[in-house]
Amino acid sequence: YSEMVSDCGLIYENKETYKYLKSDKDEHPFGIQLFGNKAETICKAIDIIKECEHQPDFIDLNLACPVPKVTKPGSGSSLLKDVDYLKEMISEIVKHSPYPITCKIRLGWDDKNINFLQIIGVLEEIGVKAIALHVRTAKQLYSGKPRYELVKDLREKMNIPLIISGDIYTLDDAIKALDITKADAVMVARGGIGNPFLIKQIDEYYKSGVRLENPSLEEQKE
């Protein structure tokens, strides 16, 4: 995935924003992660991406970011609060986009509004191709524990691929998350910072069943 890319940042030709669109030509599958709060501006951003040298394989809409500078204008996880608006907005984007659309969501806005099952149903219905779920509410930010108890066997209730996210710091964390949810894939976020070998450990385990030992400091540096 790219860094989070602001739709308006592209529309207003912000040079820093445009840097986020670049990837290595051999780096696939590659998804550009967009955020915004209007179908019109996100569709304009997609039109700009169509003209870029580095073409993505899919567009990922971030409906999960909980930080105030994103949610206060109505983007990120604040969109989970209004399912009707979300449905209308994403429907327009799916129809407009030449790229497959995926979405990242959270359990809901807060403990009183845990609506991920409803959101997933809506996104499936309008043609989203995969969903990544971070198993915290927006109000939790990144604190407290991820709520895996709420998402047991979730993939079995879905018709499209599920990617699961939330405190994946070790291979065993990944195994546990996939066992609980039956998800198709696991998303490594903060757990990969300072420990890129974790990705290789997870990947190798699910390819061959081999548990790679944790690397030494020298191997990490290499």
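The values are calculated or read from the model by the stated rules, or taken from the named source; none is laboratory data. Source: prediction; values computed, not measured. Neighbour counts are summed over all protein chains in view; Cβ atoms, including those assigned to glycine, are modelled from backbone coordinates with ideal geometry. Calculation scope for accessible area: heavy atoms of the full protein, side chains included, ligands and nucleic acids excluded. Shrake-Rupley method; radii C 1.70, N 1.55, O 1.52, S 1.80 Å.
Could you please let me know if Lys112 is of a type in the set (Lys, Arg), open to solvent by 30 Å² or more (accessible area, probe 1.4 Å) and under 22 Å from Ile32 (Cβ atoms)? Taking the combined requirement at face value, the residue does not satisfy it. Only residues that are open to solvent by 30 Å² or more (accessible area, probe 1.4 Å), under 13 Å from Ser75 (Cβ atoms) and in a loop (DSSP other than H, G, I, E, B) were counted in segment 28-51, giving 2. Arg106 passes every criterion in (1) surrounded by fewer than 18 Cβ atoms within 10 Å (Cβ to Cβ); (2) among the basic types (Lys, Arg); (3) touching a residue at least 24 places away in the same chain (Cβ under 8 Å) apart from (1).
Just to be sure, is Asn159 surrounded by fewer than 16 Cβ atoms within 10 Å (Cβ to Cβ) and among the polar types (S, T, N, Q)? Considered against the rule, which asks whether it is surrounded by fewer than 16 Cβ atoms within 10 Å (Cβ to Cβ) and among the polar types (S, T, N, Q), Asn159 comes out as yes.
Of all residues in segment 118-174, those satisfying the criterion of being aliphatic (A, V, I, L, M) and assigned to a loop (DSSP other than H, G, I, E, B) are Ile126, Val128, Val135, Ala138, Leu141, Val151, Met158, Ile160, Ile168. Among the residues making up segment 10-27, those that are in a loop (DSSP other than H, G, I, E, B) and surrounded by 11 or more Cβ atoms within 10 Å (Cβ to Cβ) are Asn14, Tyr20, Leu21, Lys22, Ser23.
You will find that of Leu154, Leu150, the residue that is touching a residue at least 12 places away in the same chain (Cβ under 8 Å), open to solvent by 30 Å² or more (accessible area, probe 1.4 Å) and either more than 16 Å from the chain's Cα centre (by Cα) or farther than 21 Å from Ala64 by Cα (or both) is Leu150 and no other. Of all residue pairs spaced 6 or more apart or on separate chains, those with beta-carbon atoms under 6 Å, a first member in segment 36-54 that is of a type in the set (Val, Ile, Thr) and a second member that is in a loop (DSSP other than H, G, I, E, B) are Ile42/Gly36; Ile46/Ser97.
The residue that is least open to solvent (accessible area, probe 1.4 Å), among those in segment 175-204 that are assigned to a loop (DSSP other than H, G, I, E, B) and farther than 18 Å from Val135 by Cβ, is Asn195.
Scanning segment 69-91 for any residue that is open to solvent by 40 Å² or more (accessible area, probe 1.4 Å), at pLDDT below 95 and part of a helix (DSSP H, G or I) turns up at least one such residue.
Condition check ((1) of a type in the set (Val, Ile, Thr); (2) at pLDDT below 95; (3) closer than 25 Å to Ile49 by Cβ) across all residues:
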residue: Lys95; (1), (2), (3): no, no, yes
residue: Asp110; (1), (2), (3): no, no, no
residue: Ile114; (1), (2), (3): yes, no, no
residue: Gly127; (1), (2), (3): no, no, yes
residue: Ala130; (1), (2), (3): no, no, yes
residue: Thr137; (1), (2), (3): yes, no, no
residue: Ser143; (1), (2), (3): no, yes, no
residue: Lys157; (1), (2), (3): no, no, no
residue: Gly166; (1), (2), (3): no, no, no
